[in-house]
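Reading through the structure tokens given below for one structure.
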Amino acid sequence: MSDTAGTGTVKTGLPRKNINEVVSAGIRRRYAAERRFRAYGLAAIGFAIFALTTLLVTIVGTGYSAFTQTMLELEITLYPQDIDPEGNRDPKVLSTANYQALVRQSLRDLFPEVTTRQERRRLNGLVSDGATFQVRRAVLDDPSIIGQRISILVPMSDDIDQFMKGHISAEVPESDRRVSDQEIAWLERLQDRNLVHRTFNWTFFTSGDSREPELAGIWGALVGSLLTMSVTLALAFPLAVATAIYLEEFAPKNRWTDLIEVNINNLAAVPSIVFGLLGLAVFLNFFGLPRSAPLVGGMVLALMTLPTIIIAARASIKAVPPWIREAALGLGASRMQVVFQHTLPLAMPGILTGTIIGMAQALGETAPLLMIGMIAFIVDIPQGVTDPATVLPVQVFLWSDAPERAFVERTSAAIMVLLSFLIVMNAFAIYLRKRFERRW
Amino acid sequence: MQLANSENAAKDGVGMPEKTGNLTTESKAGRTPMVVARDVDVFYGDKQALFGIDMDILPNEVTALIGPSGCGKSTFLRCLNRMNDVIEGCRVEGRISVDGQDIFDRALDVVHLRARVGMVFQKPNPFPKSVFDNVAYGPKIHGLSSSKDELEEIVMTSLEKAGLIEEVKDRLHQPGTGLSGGQQQRLCIARAIAIQPEVILMDEPCSALDPIATAKIEELIDELRENYTIVIVTHNMQQAARVSQRTAFFHLGKLLEFGDTDQIFTNPSVERTRDYITGRFG
Ligand SMILES: Nc1ncnc2c1ncn2[C@@H]1O[C@H](COP(=O)(O)OP(=O)(O)OP(=O)(O)O)[C@@H](O)[C@H]1O
Ligand SMILES: [Mg+2]
């Protein structure tokens with residue numbers, strides 16, 4: 001180097017000074033490119049955050065009010081002659097008693113001046129049909145209250161609830177409003193007497209779907225989702241892991257396995273509705289499995305999730321360093337032992353991460369489930385995988401289509417629940433990845 | 001993998017013992033060789049990596065394999081416990097026997113072979129498990145111990161023989177990957193000897209280690225010689241000279257010279273060996 005410095009040239013014959021200039025000019029350009037690249041990156045992230053925040057703010061903004069419900073405190077006298085004329089507290093008799101009349105009587109007691117049939121009907125409309133069930137449940141839970149005068153919180157109708165939450169404005173002309181001036185006047189008198197309360201909307205989390213928004217909940221859809229996901233997991237996970245192990249560790253590398261590999265990758269790109277059509281044709285029409293059942297939904301989603309898990313599992317099996325296998329083989333372990341004692345445990349965090357991501361995808365999937373009838377209006381909570389059910393995203397879809405104003409906030413609230421599940425699942429995937437991350 | 005042993009044998013019409021007689025390296029002491037390789041060819045796909053290797057490896061000796069990079073030392077070593085089986089497209093022809101048993105014999109399960117011919121790799125490769133579990137793995141899968149105490153004894157003696165016991169006796173249940181490179185390599189040796197193999201193959205066991213760790217392992221190899229037959233690949237001429245009794249010089253897939261280490265290092269009969277040992281090529 002010293003003699004090149006002396007002559008001012010390097011072996012290529014170029015003057016040394018020149019090289020320095022070229023390099024420093026290049027460096028400036030490289031740094032500029034780097035700065036530009038970083039700016040693009042920041043802009044992209046900024047945009048993503050903006051979009052995400054807008055989405056979240058919109059959803060939470062419309063949805064949060066669904067977590068509360070306007071309730072009316074009613075004083076109800078439980079006349080024994082109405083509920084249990086024979087007095088033997090037979091549950092059958094108790095559950096068929098006319099509680100609606102009791103609720104209506106209690107309302108009439110509040111507003112004695114209401115006499116006309118039409119007005120009475122309006123007055124009865126202040127509280128939800130659910131009020132009747134509430135009273136019945138109270139009696140069935142504790143028959144000893146019969147004969148007493150009890151104070152009970154019953155849900156008010158969805159329109160009143162929406163009015164109280166400010167979603168229906170009193171400014172609008174009466175003809176365009178779902179709540180009449182008279183109803184508003186009644187409501188004000190009730191408020192003056194401090195009978196109107198806003199409580200946490202337990203119903204939303206504990207009941208199934210309903211035509212009445214104030215009685216509708218996501219529990220049915222949630223159970224449906226859980227049942228469907230269980231079926232999906234039970235089918236997809238073992239199948240996918242077995243496939244991945246076979247392809248990575250045992251299959252010979254030839255044209256057939258190449259073909260299989262290409263097809264698995266293609267399968268991952270098939271639109272989900274196609275799997276729905278397949279499910280309809282094969283599982284329902286050919287095998288005659290029940291419609292709208294989590295069993296079939298889970299099977300369809302398993303088909304959809306399989307390639308995702310296979311690809312993730314193969315990648316993480318491949319990532320297990322070959323010298324682990326060599327070490328075990330060198331000690332005389334059989335190939336099965338190598339797979340189950342070394343490769344699989346080391347690949348498991350990656351496989352689980354892929355599985356969770358696949359399951360999260362499946363949890364949010366709607367289209368294929370529509371094809372197999374999981375879009376039906378189902379009030380009852382499904383008790384097993386063959387009961388008719390719906391799932392969270394389909395519930396969102398159903399509610400978003402409903403005309404009642406009160407379903408708007410419930411749609412958003414259901415989305416919030418769905419998103420929280422997805423966030424929890426993804427967080428768990430990240431946790432697994434971090435917790436079991438290995439540097440070889 | 002395709003085997004052509006029986007064909008070869010039939011063609012040659014020569015039994016193994018007779019052929020041994022032709023070799024210059026016939027066991028002087030009259031000991032029966034532990035490993036006998038005859039006319040071993042290895043192919044990776046179409047490419048031939050080893051050409052007609054004949055070698056007798058004597059028990060309780062250290063045999064060093066030396067030669068320039070890519071000459072097929074590792075390939076030969078991996079033939080001896082059939083680790084080449086797992087390499088796609090690798091084909092071994094010829095005959096190899098360990099302790100008198102043909103290793104390509106259909107009746108011999110490769111698992112048994114590998115239990116008898118242990119291997120220590122170039123890069124220390126402990127399992128990501130505890131020190132104890134690393135050593136206990138082999139005995140466990142082969143069912144060498146009938147009780148927990150017995151297993152513990154095997155592990156402890158193996159660690160002791162590998163000269164590691166002092167350093168790890170307080171951290172038996174910490175991950176083996178947390179040890180230093182030299183300790184890891186000795187752990188791998190302990191793991192290999194825990195199943196009491198007859199032969200231990202070592203592929204450049206010290207190449208990732210500093211001189212002090214290397215010295216420890218060399219010392220260990222010398223001690224292990226008492227109970228085991230050791231084949232070691234090394235690029236370090238001094239190491240070969242220090243630890244081995246016999247040395248094999250490979251070049252371009254052929255075994256050019258094989259003989260007593262003293263003789264090879266002081267008075268090699270082949271010109272190329274001399275050049276390689278003195279550092280003129282390779
Ligand atoms: N898996 C493989 N596939 C194809 N060719 C291989 C494979 N392994 C080794 N070879 C070839 O076989 C020949 C011998 O390789 P080998 O690893 O035995 O050499 P070596 O003597 O151990 O070299 P080094 O001292 O560098 O480790 C080389 O030409 C190499 O390219
Ligand atoms: Mg090598």
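The values are calculated or read from the model by the stated rules, or taken from the named source; none is laboratory data. As the structure is a computational prediction, the values presented were derived from the model and not from experiment. Don't worry about glycine lacking a Cβ; one is built from the backbone with ideal geometry, like all the others, and counts go over all protein chains shown. We work out accessible area using only protein heavy atoms, side chains counted, and drop any ligands, DNA or RNA first. Shrake-Rupley method; radii C 1.70, N 1.55, O 1.52, S 1.80 Å.
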Checked against (1) in a loop (DSSP other than H, G, I, E, B); (2) more than 11 Å from ligand 1 (Cβ to nearest atom); (3) within 25 Å of B:Glu271 (Cα to Cα); (4) at pLDDT 90 or above, B:Cys71 satisfies every condition except (2)
Out of the residues in segment A:342-364 that are touching a helix residue (DSSP H, G or I) at 6+ places or on another chain (Cβ under 7 Å) and open to solvent by 40 Å² or more (accessible area, probe 1.4 Å), which is nearest to A:Gly224 (Cα to Cα)? A:Gln361
Only one of these conditions is not met by B:Ser207: (1) at pLDDT 90 or above; (2) more than 20 Å from B:Asn134 (Cα to Cα). Which number is it? (1)
Within segment A:127-142, the residues that are open to solvent by 10 Å² or more (accessible area, probe 1.4 Å) and in a helix (DSSP H, G or I) are A:Thr132, A:Phe133, A:Gln134, A:Arg136, A:Arg137, A:Ala138, A:Leu140, A:Asp141
If we keep only residues of segment B:231-249 that are open to solvent by 50 Å² or more (accessible area, probe 1.4 Å) and within 15 Å of ligand 2 (Cβ to nearest atom), then the residue farthest from B:Val36 (Cα to Cα) is B:Asn236
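Quick grid of which residues meet (1) over 27 Å from B:Leu113 (Cα atoms); (2) touching a Pro at 6+ places or on another chain (Cβ under 7 Å); (3) modelled with pLDDT of 95 or more:
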residue	(1), (2), (3)
A:Leu280	yes, no, no
A:Phe283	yes, no, no
A:Leu289	yes, no, no
A:Met304	yes, yes, no
A:Val320	no, no, no
A:Arg325	no, no, no
A:Arg335	no, no, no
Please note which helices (runs of 4 or more DSSP H) are completely contained in segment A:22-126 and include at least 3 residues that are outside the structural domain of A:Phe407 (by TED's automatic domain parsing) and polar (S, T, N, Q). A:99-110
Taking the criterion of being in the same structural domain as A:Gly224 (by TED's automatic domain parsing), more than 16 Å from the chain's Cα centre (by Cα) and either buried (at least 22 other Cβ atoms within 10 Å of the Cβ) or of a type outside the set (Gly, Ala, Ser) (or both), would at least one residue in segment A:410-425 satisfy it? no
Residues being open to solvent by less than 10 Å² (accessible area, probe 1.4 Å), more than 13 Å from ligand 2 (Cβ to nearest atom) and closer than 22 Å to B:Met237 by Cα - total across segment B:59-106: 3
Need at least 3 residues that are within 14 Å of chain A (Cβ to nearest Cβ) and under 18 Å from the mean Cα position of the chain (by Cα) per element, so show me which strands (runs of 3 or more DSSP E) inside segment B:90-206 make the cut, counting only ones lying wholly within it. B:117-120, B:199-203
Against the definition (without any contact (Cβ under 8 Å) to a residue 40 or more places away in the chain, closer than 24 Å to A:Leu247 by Cβ, open to solvent by 50 Å² or more (accessible area, probe 1.4 Å) and more than 14 Å from every other protein chain (Cβ to nearest Cβ)), how does A:Ala281 come out, yes or no? no
Taking the residues in segment B:59-89 that are over 29 Å from B:Glu226 (Cβ atoms) and within 14 Å of chain A (Cβ to nearest Cβ) as candidates, determine which candidate is nearest to the chain's Cα centre (by Cα). B:Asn84
Please return the ranges of helices (runs of 4 or more DSSP H) entirely within segment A:167-252 where 1 or more residues are in the same structural domain as A:Arg405 (by TED's automatic domain parsing) and hydrophobic (A, V, I, L, M, F, W, C). A:219-245
Could you please find all residues in segment A:153-166 being part of a strand (DSSP E or B) and open to solvent by less than 20 Å² (accessible area, probe 1.4 Å)? A:Val154, A:Pro155, A:Met156
Looking at segment B:24-44, can you tell me whether even one residue there is open to solvent by 20 Å² or more (accessible area, probe 1.4 Å), modelled with pLDDT of 90 or more, touching a Lys or Arg at 6+ places or on another chain (Cβ under 9 Å) and small (Gly, Ala, Ser)? no
Can you tell me how many residues in segment B:128-156 are open to solvent by 60 Å² or more (accessible area, probe 1.4 Å) and either closer than 14 Å to B:Cys188 by Cβ or of a type outside the set (A, V, I, L, M, F, W, C) (or both)? 8
Is it fair to say A:Gly147 is over 27 Å from A:Ile218 (Cβ atoms), in a loop (DSSP other than H, G, I, E, B) and open to solvent by 20 Å² or more (accessible area, probe 1.4 Å)? yes
Matching residues in segment A:397-406 - criterion: being among the hydrophobic types (A, V, I, L, M, F, W, C) and either surrounded by fewer than 20 Cβ atoms within 10 Å (Cβ to Cβ) or without any contact (Cβ under 8 Å) to a residue 24 or more places away in the chain (or both): A:Phe397, A:Ala402
Is there a residue in segment A:229-251 that is among the charged types (D, E, K, R), surrounded by 20 or more Cβ atoms within 10 Å (Cβ to Cβ) and under 27 Å from A:Val300 (Cα atoms)? no
Answer yes or no as to whether A:Ala427 is closer than 21 Å to A:Gly354 by Cβ, of a type in the set (Gly, Ala, Ser) and assigned to a helix (DSSP H, G or I). yes
Do we find that A:Leu226 is in contact (Cβ under 8 Å) with a residue 12 or more places away in the chain and either surrounded by 14 or more Cβ atoms within 10 Å (Cβ to Cβ) or at positive phi (or both) in this structure? no
Looking at segment A:319-341 only, could you name the residues that are in a helix (DSSP H, G or I) and at the interface with chain B (Cβ under 7 Å from one of its Cβ atoms)? A:Trp323, A:Ile324, A:Glu326, A:Ala327, A:Leu329, A:Gly330, A:Gln337
